[in-house]
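The values are calculated or read from the model by the stated rules, or taken from the named source; none is laboratory data. Everything numeric here is computed off the predicted structure, so don't read it as measured data. As a convention, Cβ positions derive from the backbone with ideal geometry for all residues, glycine included, and neighbour counts pool all protein chains shown. What goes into the accessible areas is simple: the full protein's heavy atoms, side chains included, and nothing from ligands, DNA or RNA. Shrake-Rupley method; radii C 1.70, N 1.55, O 1.52, S 1.80 Å.
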Amino acid sequence: MLNKMKLWKSQKDKTEFDEKFHEVLKHRIPNHIAIIMDGNGRWAKKRALPRIAGHHEGMKVVRKITRMANSLGVKTLTLYAFSTENWKRPKLEVDYLMKLPEEFLGTFLPELIEENVKVTMMGYEDKLPAHTANAIKKAMKETEHNDGLILNFALNYGSRFEIIEAVKDVLNDVSNGIIDKNQLNEETFSNYLMTKDLSDPDLLIRTSGEIRLSNFMLWQLAYTEFWFTPVLWPDFQEEHLLEAIETYQGRSRRFGGIQSEELE
Ligand code: FPP
(Lines give C-alpha, C1' and ligand atoms only; values in the text may rest on other atoms or scores of the structure.)
Protein backbone atom coordinates (compact mmCIF):
# COMPACT_ATOMS: atom_id res chain seq x y z
CA MET A 1 0.00 0.00 0.00
CA LEU A 2 2.72 2.40 1.07
CA ASN A 3 4.69 2.24 -2.15
CA LYS A 4 1.80 2.28 -4.56
CA MET A 5 2.32 5.88 -5.72
CA LYS A 6 6.06 6.21 -5.39
CA LEU A 7 8.24 6.09 -8.45
CA TRP A 8 11.55 4.42 -7.78
CA LYS A 9 14.77 5.08 -9.63
CA SER A 10 15.79 1.45 -9.18
CA GLN A 11 14.75 -1.77 -7.51
CA LYS A 12 17.76 -1.32 -5.17
CA ASP A 13 16.36 2.02 -3.92
CA LYS A 14 12.99 0.42 -3.31
CA THR A 15 14.50 -2.50 -1.42
CA GLU A 16 16.61 -0.16 0.73
CA PHE A 17 13.56 1.95 1.48
CA ASP A 18 11.46 -1.07 2.42
CA GLU A 19 14.19 -2.35 4.72
CA LYS A 20 14.48 1.01 6.45
CA PHE A 21 10.70 1.30 6.74
CA HIS A 22 10.46 -2.07 8.49
CA GLU A 23 13.45 -1.33 10.70
CA VAL A 24 11.89 1.97 11.83
CA LEU A 25 8.62 0.17 12.59
CA LYS A 26 10.42 -2.08 15.09
CA HIS A 27 11.11 0.86 17.39
CA ARG A 28 9.18 3.63 19.11
CA ILE A 29 7.19 5.67 16.58
CA PRO A 30 6.62 9.28 17.63
CA ASN A 31 3.00 9.83 18.54
CA HIS A 32 2.94 13.41 17.35
CA ILE A 33 5.16 14.89 14.64
CA ALA A 34 5.09 18.62 13.96
CA ILE A 35 6.64 20.06 10.81
CA ILE A 36 7.72 23.57 9.86
CA MET A 37 7.51 23.22 6.08
CA ASP A 38 10.08 25.74 4.89
CA GLY A 39 11.91 26.46 1.66
CA ASN A 40 9.14 26.59 -0.93
CA GLY A 41 10.26 30.03 -2.15
CA ARG A 42 13.90 29.00 -2.50
CA TRP A 43 12.90 25.82 -4.32
CA ALA A 44 11.00 27.92 -6.86
CA LYS A 45 13.76 30.53 -7.17
CA LYS A 46 16.34 27.83 -7.97
CA ARG A 47 14.15 26.89 -10.92
CA ALA A 48 13.39 30.50 -11.97
CA LEU A 49 9.73 29.89 -11.11
CA PRO A 50 7.37 32.16 -9.18
CA ARG A 51 7.24 31.51 -5.42
CA ILE A 52 3.72 30.14 -5.69
CA ALA A 53 5.05 27.26 -7.80
CA GLY A 54 7.07 26.25 -4.74
CA HIS A 55 3.96 26.33 -2.55
CA HIS A 56 2.10 24.21 -5.06
CA GLU A 57 4.87 21.63 -5.09
CA GLY A 58 4.91 21.83 -1.28
CA MET A 59 1.23 20.94 -1.22
CA LYS A 60 1.95 17.72 -3.10
CA VAL A 61 4.54 16.82 -0.47
CA VAL A 62 1.87 17.29 2.22
CA ARG A 63 -0.05 14.46 0.63
CA LYS A 64 3.00 12.16 0.44
CA ILE A 65 4.05 12.79 4.01
CA THR A 66 0.51 12.40 5.35
CA ARG A 67 0.24 8.98 3.73
CA MET A 68 3.63 7.98 5.03
CA ALA A 69 2.92 9.15 8.59
CA ASN A 70 -0.35 7.24 8.50
CA SER A 71 1.37 4.07 7.28
CA LEU A 72 3.85 4.31 10.13
CA GLY A 73 1.13 4.62 12.75
CA VAL A 74 1.88 8.24 13.74
CA LYS A 75 -1.14 9.52 15.68
CA THR A 76 -0.90 13.25 14.96
CA LEU A 77 0.80 15.24 12.21
CA THR A 78 0.77 19.00 12.72
CA LEU A 79 1.80 21.07 9.71
CA TYR A 80 2.67 24.77 9.91
CA ALA A 81 0.90 25.96 6.77
CA PHE A 82 0.46 29.68 7.49
CA SER A 83 1.62 31.81 10.40
CA THR A 84 0.09 34.97 11.84
CA GLU A 85 3.18 36.72 10.40
CA ASN A 86 2.67 35.38 6.86
CA TRP A 87 0.04 38.08 6.14
CA LYS A 88 3.01 40.42 5.56
CA ARG A 89 3.79 38.62 2.29
CA PRO A 90 2.71 40.06 -1.09
CA LYS A 91 -1.05 39.85 -1.62
CA LEU A 92 -0.70 37.53 -4.58
CA GLU A 93 1.24 35.02 -2.51
CA VAL A 94 -1.14 35.27 0.46
CA ASP A 95 -4.14 34.80 -1.83
CA TYR A 96 -2.50 31.75 -3.34
CA LEU A 97 -1.63 30.23 0.04
CA MET A 98 -5.24 30.76 1.11
CA LYS A 99 -6.42 28.76 -1.90
CA LEU A 100 -4.22 25.75 -1.16
CA PRO A 101 -6.37 24.15 1.57
CA GLU A 102 -9.31 24.17 -0.86
CA GLU A 103 -7.26 22.72 -3.66
CA PHE A 104 -5.70 20.11 -1.41
CA LEU A 105 -8.94 19.06 0.25
CA GLY A 106 -10.90 19.34 -3.00
CA THR A 107 -8.60 16.70 -4.47
CA PHE A 108 -7.58 14.54 -1.51
CA LEU A 109 -10.50 14.61 0.92
CA PRO A 110 -11.96 11.33 -0.43
CA GLU A 111 -8.57 9.69 0.01
CA LEU A 112 -8.22 11.10 3.55
CA ILE A 113 -11.68 9.76 4.41
CA GLU A 114 -10.81 6.36 2.96
CA GLU A 115 -7.56 6.29 4.94
CA ASN A 116 -9.43 7.11 8.19
CA VAL A 117 -7.59 10.45 8.60
CA LYS A 118 -9.18 13.10 10.81
CA VAL A 119 -8.60 16.70 9.68
CA THR A 120 -8.30 19.40 12.34
CA MET A 121 -7.06 22.96 12.40
CA MET A 122 -5.39 25.23 14.93
CA GLY A 123 -5.21 28.97 14.33
CA TYR A 124 -7.40 32.03 14.15
CA GLU A 125 -10.17 31.09 11.78
CA ASP A 126 -11.93 34.47 11.91
CA LYS A 127 -9.26 36.19 9.79
CA LEU A 128 -9.22 33.52 7.11
CA PRO A 129 -11.12 34.17 3.88
CA ALA A 130 -14.51 32.43 4.00
CA HIS A 131 -13.57 30.04 1.16
CA THR A 132 -10.52 28.81 3.11
CA ALA A 133 -12.33 28.46 6.42
CA ASN A 134 -15.25 26.68 4.74
CA ALA A 135 -13.02 24.14 3.01
CA ILE A 136 -11.36 23.29 6.31
CA LYS A 137 -14.68 23.18 8.21
CA LYS A 138 -16.16 20.85 5.60
CA ALA A 139 -13.16 18.51 5.86
CA MET A 140 -13.32 18.60 9.66
CA LYS A 141 -17.01 17.76 9.61
CA GLU A 142 -16.61 14.93 7.11
CA THR A 143 -13.73 13.35 9.00
CA GLU A 144 -14.80 14.05 12.59
CA HIS A 145 -15.54 10.39 13.36
CA ASN A 146 -12.33 9.05 11.84
CA ASP A 147 -9.93 7.69 14.41
CA GLY A 148 -6.74 7.22 12.39
CA LEU A 149 -4.08 9.87 11.91
CA ILE A 150 -5.02 13.40 13.01
CA LEU A 151 -3.89 15.79 10.27
CA ASN A 152 -3.73 19.09 12.10
CA PHE A 153 -3.18 22.21 9.97
CA ALA A 154 -1.68 25.21 11.75
CA LEU A 155 -3.28 27.95 9.72
CA ASN A 156 -3.08 31.59 10.74
CA TYR A 157 -1.36 30.27 13.84
CA GLY A 158 1.06 32.13 16.13
CA SER A 159 2.26 30.71 19.41
CA ARG A 160 2.74 33.93 21.40
CA PHE A 161 -0.75 35.06 20.50
CA GLU A 162 -2.10 31.63 21.46
CA ILE A 163 -0.42 31.92 24.88
CA ILE A 164 -1.69 35.47 25.46
CA GLU A 165 -5.24 34.43 24.55
CA ALA A 166 -4.95 31.47 26.93
CA VAL A 167 -3.78 33.78 29.74
CA LYS A 168 -6.77 36.07 29.11
CA ASP A 169 -9.14 33.07 29.26
CA VAL A 170 -7.53 31.87 32.49
CA LEU A 171 -7.90 35.35 34.05
CA ASN A 172 -11.56 35.43 33.02
CA ASP A 173 -12.19 32.00 34.48
CA VAL A 174 -10.44 32.95 37.72
CA SER A 175 -12.45 36.16 38.07
CA ASN A 176 -15.69 34.26 37.32
CA GLY A 177 -14.83 31.64 39.92
CA ILE A 178 -14.63 28.84 37.33
CA ILE A 179 -11.15 27.90 38.49
CA ASP A 180 -9.10 28.86 41.51
CA LYS A 181 -5.75 30.55 40.95
CA ASN A 182 -4.08 27.72 42.89
CA GLN A 183 -5.45 25.12 40.49
CA LEU A 184 -3.37 26.59 37.69
CA ASN A 185 -0.49 24.32 36.74
CA GLU A 186 1.11 23.07 33.51
CA GLU A 187 -1.68 20.59 32.90
CA THR A 188 -4.59 22.93 33.56
CA PHE A 189 -2.94 25.72 31.53
CA SER A 190 -2.47 23.33 28.58
CA ASN A 191 -6.24 22.99 28.46
CA TYR A 192 -6.50 26.65 27.46
CA LEU A 193 -4.30 26.19 24.40
CA MET A 194 -5.43 25.27 20.90
CA THR A 195 -3.77 21.89 21.33
CA LYS A 196 -5.85 20.95 24.37
CA ASP A 197 -7.03 17.73 22.67
CA LEU A 198 -3.58 16.74 21.41
CA SER A 199 -0.46 15.34 23.02
CA ASP A 200 2.67 17.50 22.80
CA PRO A 201 4.82 16.83 19.73
CA ASP A 202 7.49 14.16 20.23
CA LEU A 203 9.39 15.19 17.13
CA LEU A 204 9.72 18.56 15.39
CA ILE A 205 11.05 18.70 11.85
CA ARG A 206 12.07 21.90 10.10
CA THR A 207 13.20 21.85 6.51
CA SER A 208 15.37 24.26 4.48
CA GLY A 209 18.28 24.64 6.89
CA GLU A 210 16.76 27.32 9.13
CA ILE A 211 17.37 26.56 12.79
CA ARG A 212 14.60 28.45 14.57
CA LEU A 213 11.04 27.99 15.77
CA SER A 214 9.39 31.01 14.13
CA ASN A 215 6.67 31.37 16.79
CA PHE A 216 5.55 27.75 16.45
CA MET A 217 4.17 25.76 19.42
CA LEU A 218 6.52 27.41 21.93
CA TRP A 219 4.77 25.89 24.96
CA GLN A 220 4.12 22.48 23.41
CA LEU A 221 7.70 21.94 22.18
CA ALA A 222 9.27 22.20 25.66
CA TYR A 223 10.47 18.55 25.64
CA THR A 224 10.27 17.76 21.94
CA GLU A 225 13.19 16.29 19.97
CA PHE A 226 14.20 18.59 17.09
CA TRP A 227 15.41 17.47 13.66
CA PHE A 228 16.60 20.04 11.14
CA THR A 229 17.43 19.31 7.53
CA PRO A 230 18.78 21.46 4.69
CA VAL A 231 16.31 19.76 2.32
CA LEU A 232 13.76 22.24 0.96
CA TRP A 233 10.15 21.27 1.68
CA PRO A 234 9.20 20.56 -1.98
CA ASP A 235 12.14 18.12 -2.11
CA PHE A 236 11.20 16.40 1.15
CA GLN A 237 10.55 12.70 0.54
CA GLU A 238 9.30 9.72 2.49
CA GLU A 239 12.96 8.73 3.02
CA HIS A 240 13.58 12.00 4.88
CA LEU A 241 10.72 11.32 7.24
CA LEU A 242 12.16 7.87 7.93
CA GLU A 243 15.57 9.43 8.57
CA ALA A 244 14.07 11.93 11.04
CA ILE A 245 12.24 9.16 12.89
CA GLU A 246 15.34 6.97 12.93
CA THR A 247 17.32 9.82 14.52
CA TYR A 248 14.51 10.35 17.04
CA GLN A 249 14.58 6.64 17.91
CA GLY A 250 18.30 6.88 18.59
CA ARG A 251 17.89 9.70 21.10
CA SER A 252 17.13 9.17 24.76
CA ARG A 253 14.37 11.34 26.11
CA ARG A 254 14.84 12.10 29.79
CA PHE A 255 12.35 14.94 30.30
CA GLY A 256 14.78 16.58 32.71
CA GLY A 257 15.39 13.35 34.66
CA ILE A 258 18.12 10.73 34.18
CA GLN A 259 18.12 7.32 32.50
CA SER A 260 16.71 4.58 34.72
CA GLU A 261 19.97 2.55 34.45
CA GLU A 262 21.89 5.56 35.79
CA LEU A 263 19.87 5.25 38.99
CA GLU A 264 21.16 1.75 39.68
C1 FPP B 1 7.46 28.52 3.99
O2 FPP B 1 8.30 28.55 2.86
C3 FPP B 1 6.19 27.92 3.63
C4 FPP B 1 4.97 28.50 3.77
C5 FPP B 1 4.77 29.84 4.35
C6 FPP B 1 3.75 27.83 3.31
C7 FPP B 1 3.74 26.36 3.53
C8 FPP B 1 2.62 25.78 2.80
C9 FPP B 1 2.67 24.62 2.15
C10 FPP B 1 3.87 23.75 2.12
C11 FPP B 1 1.49 24.07 1.47
C12 FPP B 1 0.39 23.86 2.44
C13 FPP B 1 -0.58 22.95 1.97
C14 FPP B 1 -1.81 22.85 2.45
C15 FPP B 1 -2.61 21.72 2.04
C16 FPP B 1 -2.41 23.83 3.38
P17 FPP B 1 8.82 29.94 2.33
O18 FPP B 1 7.85 30.45 1.35
O19 FPP B 1 9.08 30.86 3.48
O20 FPP B 1 10.15 29.51 1.65
P21 FPP B 1 11.49 30.39 1.55
O22 FPP B 1 11.97 30.55 2.97
O23 FPP B 1 12.39 29.53 0.74
O24 FPP B 1 11.15 31.68 0.90
- Query: Does the range 73-90 hold any residues that are within 30 Å of LYS20 (Cα to Cα), among the hydrophobic types (A, V, I, L, M, F, W, C) and open to solvent by 10 Å² or more (accessible area, probe 1.4 Å), and which are they?
  - Reply: ALA81
- Message: Could you tell me how many of the residues in the range 25-39 are outside any strand (DSSP E or B) and either exposed (fewer than 13 other Cβ atoms within 10 Å of the Cβ) or not β-branched (Val, Ile, Thr) (or both)?
- Response: 9
- Message: Test of understanding: among ARG47, ARG42, ARG51, which residue is surrounded by fewer than 13 Cβ atoms within 10 Å (Cβ to Cβ) and under 23 Å from GLU210 (Cβ atoms)?
- Response: ARG47
- Message: The conditions are (1) over 23 Å from GLY123 (Cβ atoms); (2) touching a helix residue (DSSP H, G or I) at 6+ places or on another chain (Cβ under 6 Å), and THR207 fails exactly one of them. Which is it?
- Response: (1)
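Taking the options LYS196, LYS181, name whichever one is under 12 Å from ALA166 (Cβ atoms) and among the basic types (Lys, Arg). First the steps, then the outcome.
On the way: LYS181 fails: under 12 Å from ALA166 (Cβ atoms).
Result: LYS196 is the single residue among LYS196, LYS181 that is under 12 Å from ALA166 (Cβ atoms) and among the basic types (Lys, Arg).
Answer yes if at least one residue in the range 147-167 is among the hydrophobic types (A, V, I, L, M, F, W, C), away from the ligand (no atom under 16 Å from the Cβ), over 22 Å from HIS27 (Cα atoms) and under 18 Å from the mean Cα position of the chain (by Cα), and no otherwise. Write out each step before concluding.
Narrowing the range 147-167 to residues among the hydrophobic types (A, V, I, L, M, F, W, C): 149-151, 153-155, 161, 163-164, 166-167.
Remaining after also requiring away from the ligand (no atom under 16 Å from the Cβ): 161, 163-164, 166-167.
Checking which are over 22 Å from HIS27 (Cα atoms) leaves us with 161, 163-164, 166-167.
Filter once more, keeping what is under 18 Å from the mean Cα position of the chain (by Cα): none.
Scanning the range 147-167 turns up no residue that is among the hydrophobic types (A, V, I, L, M, F, W, C), away from the ligand (no atom under 16 Å from the Cβ), over 22 Å from HIS27 (Cα atoms) and under 18 Å from the mean Cα position of the chain (by Cα).
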- Report, by residue number, each residue of the range 96-112 that is near the ligand (Cβ under 9 Å from one of its atoms) and in contact (Cβ under 8 Å) with a residue 40 or more places away in the chain. LEU97, LEU100, PRO101, GLU103, PHE104, PHE108
- Item | Residue among ALA69, ALA53 that alone is free of Cβ contacts under 8 Å to residues at least 60 places away in the same chain, closer than 23 Å to GLU102 by Cβ, among the aliphatic types (A, V, I, L, M) and not in a loop (DSSP other than H, G, I, E, B) | ALA53
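Rundown of residues vs (1) closer than 23 Å to LYS64 by Cα; (2) touching a residue at least 12 places away in the same chain (Cβ under 8 Å), yes/no style:
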position	(1), (2)
ASP147	yes, yes
ILE163	no, yes
ALA166	no, yes
VAL174	no, no
VAL231	yes, yes
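Quick one: which of GLY250, GLY209 is out of contact with any strand residue (DSSP E or B) (no Cβ under 9 Å at 6 or more places or on another chain), loosely packed, with under 14 Cβ neighbours inside 10 Å and farther than 22 Å from ASN152 by Cα? Outline the logic, then answer.
Numbers: GLY209 fails: out of contact with any strand residue (DSSP E or B) (no Cβ under 9 Å at 6 or more places or on another chain).
Checking each option against the conditions leaves just GLY250.
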- Message: I'd like the residue in the range 7-39 that is away from the ligand (no atom under 16 Å from the Cβ) and of a type in the set (Val, Ile, Thr) and, out of all such residues, is farthest from GLU210 (Cα to Cα).
- Response: THR15
- Item | Residue that is more than 13 Å from the ligand (Cβ to nearest atom) and open to solvent by less than 70 Å² (accessible area, probe 1.4 Å), where the choices are GLU125, GLU93, GLU115 | GLU115
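For residues in the range 213-239 being open to solvent by less than 40 Å² (accessible area, probe 1.4 Å) and outside any loop (DSSP other than H, G, I, E, B), which is nearest to LYS6 (Cα to Cα)? Before you say what the answer is, go through the steps one by one.
First, pick out the residues of the range 213-239 that are open to solvent by less than 40 Å² (accessible area, probe 1.4 Å): 215-217, 220-221, 224-225, 227, 229, 231-234, 236, 238.
From the residues that got through so far, the ones that are outside any loop (DSSP other than H, G, I, E, B) too are 225, 227, 233-234, 238.
Details: GLU225: 28, TRP227: 24, TRP233: 17, PRO234: 15, GLU238: 9 Å.
Among those that are open to solvent by less than 40 Å² (accessible area, probe 1.4 Å) and outside any loop (DSSP other than H, G, I, E, B), it is GLU238.
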- If you check VAL61, VAL74, which single one turns out to be more than 10 Å from the ligand (Cβ to nearest atom) and of a type in the set (A, V, I, L, M)? VAL74
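Can you say whether LYS75 is under 15 Å from the mean Cα position of the chain (by Cα) and over 21 Å from GLU165 (Cβ atoms), as far as the supplied structure shows?
It is true that LYS75 is under 15 Å from the mean Cα position of the chain (by Cα) and over 21 Å from GLU165 (Cβ atoms).
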